[in-house]
Amino acid sequence: MESLEASGSMRLNQEVATSWCHPANRVHRFIALILMCFLCFGSYFCYDTPGALADNFKDDSHLNTSQFALLYSIYSWPNVILCFIGGYLIDRCFGVRLGTIIYMTIVFIGAVVFAFGVYINAYWVMILGRFIFGIGGESLQVAVNNYVVLWFNGKELNMVFGLQLSFSRFGSTVNFWVMEPIYRWVANYYGGYEKLGVALFIASMTCLGSLICGLILGWMDHRAERILGRQEEQSKDEPFHILDVLHFKPVFWLVSVICVAYYLAIFPFIALGKLFFERKFDYVPQDANTVNSMVYLLSAALSPFFGILIDKTGRNVTWVILSIITTIGSHFLMAFTFVNPYVGVISLGISYSLLASGLWPLVAMIVPESQLGTAFGICQAVQNLGLATVIIFAGMIVDKYGYLMLEMFFLGCLFVSLIAGVLIYIVDSANNGILNLSPSKREALKKTSVRTDETANLLEHAESSDQEEPDAGGAGGAGGEGGAVSGVTSSEPSPRDPAQAHSDRIRSRYIAQLLPATNIPDRP
């Protein structure tokens, strides 16, 4: 009767799984992926609104260059600490669903406060809005990374990370496309700094759309947790404690080094790239903007395909090292040659997309799921610390020594990241090399590990069973008549025979359980 009920329940689950409403269905998971992509779209869109309207900020709000630059740098400073705390709060307090909604709400509030500051032309309110925006921005990315691992942990992980990154960068690209037309349309109804503020209010609606996506995704995840029983699996994990970061593997800290050193040669370069192309290659401002935007455009277009490539081939560490070497070549071309800059920038965009698709999934392979929020938070924190300080340092290098020395500094950062990548390869190779295996070999290694654990448990069980059974020779001795063990009487005991008999009994039971149809009696 129980077997009939079990089979009926199994058929019901199989039928439900074929419906697009079931969390395990491909269509359902694709809908979740779309929502994850839109979660960060609003954040990235509003992050670059000052850059898209830079001239209008200076003309309408009368900001000088230092004041305008502070609108960007104030974003990074709180994230040196807060995105680490944000990841920890996801692991220990909020959970991924509530954490995503909280951080997205903070982003939306920051965008609205910033727009309001521009609308009333109060600079301190602008700074406050960007500060609030920064508090939620990077922590939101940590939450989305947790969502990606939760729904797509496996062979699709690299592709999904690439697609999510692509869509985020696409938000910045769309911002540069549409904000100037929006500003001109608003100028028909408002004047002065008010038209700039209204344009920013309209831009902040993208954050509201992302917040709605977060609410829908939270409901879907709650439903999936109930149907798939994920809560039961997660409850078996030990809770994460803040001091556990001291026990993170060395490979994780090497990944963090790459997160800092590599991205220092990307984002500060893009921030200062317009003037670089104008001065070295004599480009007009519009052409300099076009070539400078190629990195983000290529990242948006290629990241999903590189994610699929790494999903199929594996070898994450090899791809990361290759992308760093290619990036070094790109900066070398732009620093020491006058080759068409599109060659170097296109190469830079390709290698940046490849590294992002291969690097971030490594964190999910190294760190347990219960610690992922904190691990991603650490990576984001050290990255923001580097960006917040190096952008200022890069400006000082340009003012004192010029762009050639700036490129030398970028190359130095890339060589540091290359050394870290090679060390990851060496350390991983000394530990079965699982981070750099192909997907098929990685799965085979996991199965072998599981089988080895089962064998150890089985042998342990057999040994404890034998200890409970009375020894044949001991029983005979108790009756005054020595029992025979392999033809040796108790009057002539052999010190090796009892150990051999014990070993034979364990081996026999092990074979009997692996092959139930084989009747192999215990040796006396």
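The values are calculated or read from the model by the stated rules, or taken from the named source; none is laboratory data. It should be emphasised that the depicted structure is a prediction, and the values quoted were computed from it without experimental measurement. We place every Cβ from the backbone using ideal geometry, glycine too, and count neighbours over all the protein chains shown. With ligands, DNA and RNA removed, areas are computed over all heavy atoms of the protein, side chains included. Shrake-Rupley method; radii C 1.70, N 1.55, O 1.52, S 1.80 Å.
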Residue, surrounded by the fewest Cβ atoms within 10 Å (Cβ to Cβ), within the range 90-109, restricted to residues that are under 19 Å from Arg130 (Cβ atoms) and in contact (Cβ under 8 Å) with a residue 40 or more places away in the chain: Thr105
Entirely in the range 41-84, the helices (runs of 4 or more DSSP H) that have 3 or more residues that are free of Cβ contacts under 8 Å to residues at least 24 places away in the same chain and over 20 Å from the mean Cα position of the chain (by Cα): 54-60
Some residue of the range 401-417 being under 20 Å from the mean Cα position of the chain (by Cα) and in contact (Cβ under 8 Å) with a residue 12 or more places away in the chain: yes
Qualifying residue in the range 9-25 (condition: modelled with pLDDT of 75 or more, out of contact with any Leu (no Cβ under 8 Å at 6 or more places or on another chain) and either over 30 Å from Tyr119 (Cα atoms) or surrounded by fewer than 20 Cβ atoms within 10 Å (Cβ to Cβ) (or both)): no
Qualifying residue in the range 295-311 (condition: surrounded by fewer than 20 Cβ atoms within 10 Å (Cβ to Cβ), at pLDDT 85 or above, touching a helix residue (DSSP H, G or I) at 6+ places or on another chain (Cβ under 7 Å) and not hydroxyl-bearing (Ser, Thr, Tyr)): no
Hits in the range 348-396 - residues which are among the small types (Gly, Ala, Ser) and either open to solvent by 30 Å² or more (accessible area, probe 1.4 Å) or assigned to a loop (DSSP other than H, G, I, E, B) (or both): Ser370
Evaluation of Pro368 against (1) of a type outside the set (A, V, I, L, M); (2) touching a Leu at 6+ places or on another chain (Cβ under 6 Å); (3) closer than 26 Å to Tyr425 by Cβ (one fails), failing number: (2)
Residue list for the range 346-376, filter: without any contact (Cβ under 8 Å) to a residue 60 or more places away in the chain and of a type outside the set (Gly, Ala, Ser): Ile346, Ile350, Leu354
Residue that is nearest to Ala111 (Cα to Cα) [pool: residues in the range 182-201 that are part of a helix (DSSP H, G or I) and open to solvent by 60 Å² or more (accessible area, probe 1.4 Å)]: Phe201
Residue satisfying all of: in the range 246-281; modelled with pLDDT of 85 or more and more than 27 Å from the chain's Cα centre (by Cα); most open to solvent (accessible area, probe 1.4 Å) among these: Lys280
Pair list, Cβ < 9 Å and 6+ apart or interchain, from the range 158-181 residues that are without any contact (Cβ under 8 Å) to a residue 12 or more places away in the chain to residues that are aliphatic (A, V, I, L, M) and crowded, with 23+ Cβ neighbours inside 10 Å: Val178/Ala203
